[in-house]
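Right, one structure below, let's go through it.
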Amino acid sequence: MKEFMPQNMESKKKVLVTGGLGFIGSHTVLSLIKSGFSPVIVDDCRNSQEFIHDSLQRLSGTKIPWIKEDYQSFDSYREYLEDEDLDGIVHFAAYKAVGESVENPMMYFQNNVSGFIALLNEVLKHDIKNVVFSSSCTVYGQPESNPVTEQTPMQIAESPYGATKQMCERILQDFAAAHKEVNSIALRYFNPVGAHHSHEIGELPLNKPNNLMPLVVMAAKGLIEKLTVYGNDYQTKDGTCIRDYIHVEDLADAHVKALDYLMTPSSENYKFVNLGNGTGYSVLEVIQKFAEVNEVVVPHEIGERRPGDVEAIYADTSMAREILNWQASKDLSDMVRDSWQWSKFLDKSNG
Ligand code: WQD
């Protein structure tokens, strides 16, 4: 499905998008183009597939420059970094699997933290004015209470992955304090799920996924015999964990609003903001909604708790409404429907 997009992108606000072929990055690229930005993707496809770039060009109706390199290989895209029309960087490129980070912490600290420091040095070197950073609700750990606001104290990170997000937020905060000429924002994602409404891009786990929605899809397809619900003895409405699921298209739109905010002269030069729906759903509620909306069966069984899981976390989203003029518009039905339809598109594409 081709959507109307501005043809002449040259005069538009140029933005580098690291990890722009990833799940949230790819959806953000489409939202940026729709809002008149001119994104340039830096992505070595370690956690995506090349066909996503073709899909983005088809869906946007425009050519999208793509440097197929590690975002830390700055010389490979120096021409874009030096471009005085470059208005900002949206930094998605990072590892994000909690379990993997426990097995391989140094890989996470190098890519997520050292790489980010090097990127910020490039921001200074090339006088880039705006930085949007992908953070995560993981920084809160098990919150003292819900909904969490941006003032809810962070707990000690439960995993190296969570620690990298806490470290990067602190680095960005101190960077911004020392360099008032750069405007920065950290976006704390809750649980991103769903897929583009065209169902032609979506979440693309390259190996066995750890997170809930792709596994619900696999159970519904019979790719796994049963989904294991990790514990039903929590102090929650039905004993299973509560999360704030947010549609990836809502999340993508929030990045455009964040750039608009940074480019507004009155904005503070560093903020961190929750991006969630503001509603908590249990694991069993997600499974039930998925089955009901898509008219499928999701075979599942109750298993042991997963170490490191927090019992419940969902967002107070008033800060995002107030400073970004943004709030989520899609509900859980949209999320489960788009996840399922994207998986069916993938099956057709794979023949
Ligand atoms: C959600 C709920 C599980 C799989 C992680 C990262 C977070 C963000 C999103 C990057 C939990 C339960 C899951 C399964 C289950 N990543 N579950 N059976 O752990 O909330 O967050 O992914 O930004 O930073 O920490 O997401 O999808 O893994 O789990 O019962 O087979 O589903 O116990 O309650 P999580 P998740």
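The values are calculated or read from the model by the stated rules, or taken from the named source; none is laboratory data. Keep in mind that what you see is a predicted model, and the values were worked out from it rather than measured. In this analysis, Cβ positions are derived from the backbone assuming ideal geometry, glycine residues included, and neighbour counts consider all displayed protein chains. These accessible areas exclude ligands, DNA and RNA; they are computed on the full protein's heavy atoms, side chains included. Shrake-Rupley method; radii C 1.70, N 1.55, O 1.52, S 1.80 Å.
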Just checking, which of Pro147, Pro105 is within 16 Å of the ligand (Cβ to nearest atom), surrounded by fewer than 16 Cβ atoms within 10 Å (Cβ to Cβ) and either closer than 21 Å to Met263 by Cα or at pLDDT 95 or above (or both)? Pro105
So in segment 167-190, with the set limited to residues that are surrounded by 21 or more Cβ atoms within 10 Å (Cβ to Cβ) and among the polar types (S, T, N, Q), which one is farthest from the ligand (Cβ to nearest atom)? Asn183
Restricting segment 292-310 to residues that are farther than 17 Å from Asn211 by Cβ and within 15 Å of the ligand (Cβ to nearest atom), the one most open to solvent (accessible area, probe 1.4 Å) turns out to be Glu304
Farther than 26 Å from Leu204 by Cβ and in contact with a Phe, Trp or Tyr (Cβ under 6 Å, 6 or more places away or on another chain): is that true of Leu120 in this structure? yes
For segment 204-218 the number of residues that are surrounded by 19 or more Cβ atoms within 10 Å (Cβ to Cβ) and near the ligand (Cβ under 7 Å from one of its atoms) is 3
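Only one of Lys257, Lys237 is open to solvent by 10 Å² or more (accessible area, probe 1.4 Å), closer than 22 Å to Val15 by Cβ and modelled with pLDDT of 95 or more; which? So that I can check it myself, show each step before the final result.
Details: Lys237 fails: closer than 22 Å to Val15 by Cβ.
Selected residue: Lys257, the only one of Lys257, Lys237 that is open to solvent by 10 Å² or more (accessible area, probe 1.4 Å), closer than 22 Å to Val15 by Cβ and modelled with pLDDT of 95 or more.
With the structure loaded, tell me whether His199 is surrounded by 18 or more Cβ atoms within 10 Å (Cβ to Cβ), on the phi > 0 side of the Ramachandran plot and not hydrophobic (A, V, I, L, M, F, W, C) or whether it fails that test.
Numbers: surrounded by 18 or more Cβ atoms within 10 Å (Cβ to Cβ): yes; on the phi > 0 side of the Ramachandran plot: yes; not hydrophobic (A, V, I, L, M, F, W, C): yes.
When the stated conditions are applied, His199 passes them.
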So which of Thr236, Thr240, Thr279 ends up being part of a loop (DSSP other than H, G, I, E, B) and under 25 Å from Arg321 (Cα atoms)? Thr279
